[in-house]
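Chemist: Got a structure for you, questions after.
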Amino acid sequence: MPRIPPPVLVAGSLNSRDQPELTVDDQFLLRPWMSADKEVVASAYSDPAIQLWIRRSLDLREAEDSIAKWNRDWQEEVGAYWALARRDDGSVIGWIALVVIDLEAGLGEVAYWVSASARGCGAASLATATLASWAVDELGLHRIELHHSVHNFASCRVATKAGFELEGTHRSALLHQDGWHDMHAHTFFGKELDV
Ligand SMILES: CC(C)(COP(=O)(O)OP(=O)(O)OC[C@H]1O[C@@H](n2cnc3c(N)ncnc32)[C@H](O)[C@@H]1OP(=O)(O)O)[C@@H](O)C(=O)NCCC(=O)NCCS
């Protein structure tokens, strides 16, 4: 029985292509994760700020398993994960992902972290804008969501700089180490809405 309306994107829209490398600017790029990145991932997840806001830690074995899952998610069309790397020496400074992809609904949700030593140079905001534009313009998703704790001021700034408008606040929405946090909901459409 046909769906009314039809799906925004059909199955195969993601996994019929290889995960692309995305240019952020002349300093940074986004590339798929490799098993060899496990040390940098495990090291990043020992950072208290990443544990607080991303709400997990990863040891070396868990990092390797996570990288395998991130790459599997592309094949299963439920998520897409990139390493944020410097173009000059290839070093990985961050993680950015569509942690949710719903092709049928045309929906994605973005999340990110940057290693403590590389913060503050604008890479997170530029990478977020790059990924959101790719998700809308190249993949064809309609709506990209971004949720962060109202206490995570840096993430709020990243969202705003990347073109994600603040839509509202979900009350007591996500459990963190220190209790339930209200969460800001930002969205990116990449165009004026025709409603
Ligand atoms: C959020 C995070 C990715 C930002 O990385 P970053 O490299 O500092 O990001 P950018 O350099 O692109 O931009 C950061 C912006 O936040 C601002 N900022 C940083 N700390 C801030 C704070 N405590 N209060 C207000 N603004 C802050 C910076 O000034 C900058 O804005 P500006 O360019 O207008 O000055 C990084 O802090 C991080 O990885 N945190 C831990 C994981 C995390 O919180 N992920 C998001 C979960 S929703």
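Every number here is computed from the coordinates shown, using simple stated rules; none is lab data. Note that this is a predicted model, so its numbers are computed, not measured. In this analysis, Cβ positions are derived from the backbone assuming ideal geometry, glycine residues included, and neighbour counts consider all displayed protein chains.
Chemist: List the lysines whose alpha-carbon lies under 18 Å from that of Lys161, not counting same-chain residues fewer than 8 positions away?
Modeler: Once the sequence-local lysines are set aside, what remains near Lys161 is Lys191.
Chemist: Straight-line reach only, C-alpha to C-alpha below 16 angstrom: list the lysines that Lys69 could link to, leaving out same-chain residues fewer than 8 apart.
Modeler: By straight Cα distance, Lys69 reaches Lys38.
Chemist: Mind giving me the FRET efficiency for Ser16 and His142? R0 is 22 Å, r the Cβ-Cβ distance, nearest 0.05 is fine.
Modeler: 0.70
Chemist: So what J values fall out for segment 20-31 if you push phi through Karplus, 6.51 cos²θ - 1.76 cosθ + 1.60 with θ = phi - 60°, rounded to Hz, Gly and Pro as x?
Modeler: So the J values, rounded to whole Hz, are x, 7, 10, 7, 8, 6, 6, 9, 10, 9, 10, 9.
Chemist: Sticking with this one: Averaging sequence separations of C-alpha pairs under 8 Å and six or more residues apart, then dividing by the length of segment 22-188, give the relative contact order as a whole percent.
Modeler: After rounding, I find 18 percent.
Chemist: With charges only on Cβ, +1 for K and R and -1 for D and E, what is the dipole size of the chain about its Cα centre, in debye, rounded to 20?
Modeler: 240 debye
Chemist: Could you give the length gained on full extension between Leu175 and Ala36, defined as 0.36 nm per residue of separation minus the Cα-Cα distance, in nm?
Modeler: Net length gain for the segment: 46.9 nm.
Chemist: Give me the distance in nm between label points sitting 7 Å out from Cα along the Cα-to-Cβ direction at Arg87 and Arg55, one decimal.
Modeler: Using points 7 Å along Cα→Cβ, the separation is 3.6 nm.
Chemist: How far, in nm, would the chain grow between Arg3 and Glu165 when pulled straight, counting 0.36 nm per residue and subtracting the alpha carbon separation?
Modeler: Here the segment from Arg3 to Glu165 would lengthen by 55.3 nm.
Chemist: Got a sec? How would Ile4, Ile93 order by Cβ neighbour count within 10 Å, fewest to most?
Modeler: In increasing order of surrounding Cβ atoms, one gets Ile4, Ile93.
Chemist: What net charge is computed for the residues neighbouring Leu174, neighbours being all others with C-beta under 10 Å from the C-beta of Leu174, Lys and Arg scored +1, Asp and Glu -1?
Modeler: Once all neighbours under 10 Å are counted, the net charge is 0.
Chemist: According to the Kirkwood expression over distinct Cα-Cα pairs, how big is the hydrodynamic radius of segment 22-188, in Å?
Modeler: 16.1 Å
Chemist: Work out how much length Arg119 to Phe153 would gain on full extension: take 0.36 nm times their residue separation and subtract the Cα-Cα distance, in nm to one decimal.
Modeler: 10.9 nm
Chemist: Please list, short to long, the whole-number percent of alpha-carbon pairs of segment 119-195 in consecutive 10 angstrom bins beginning at zero.
Modeler: 19, 44, 31, 6, 0
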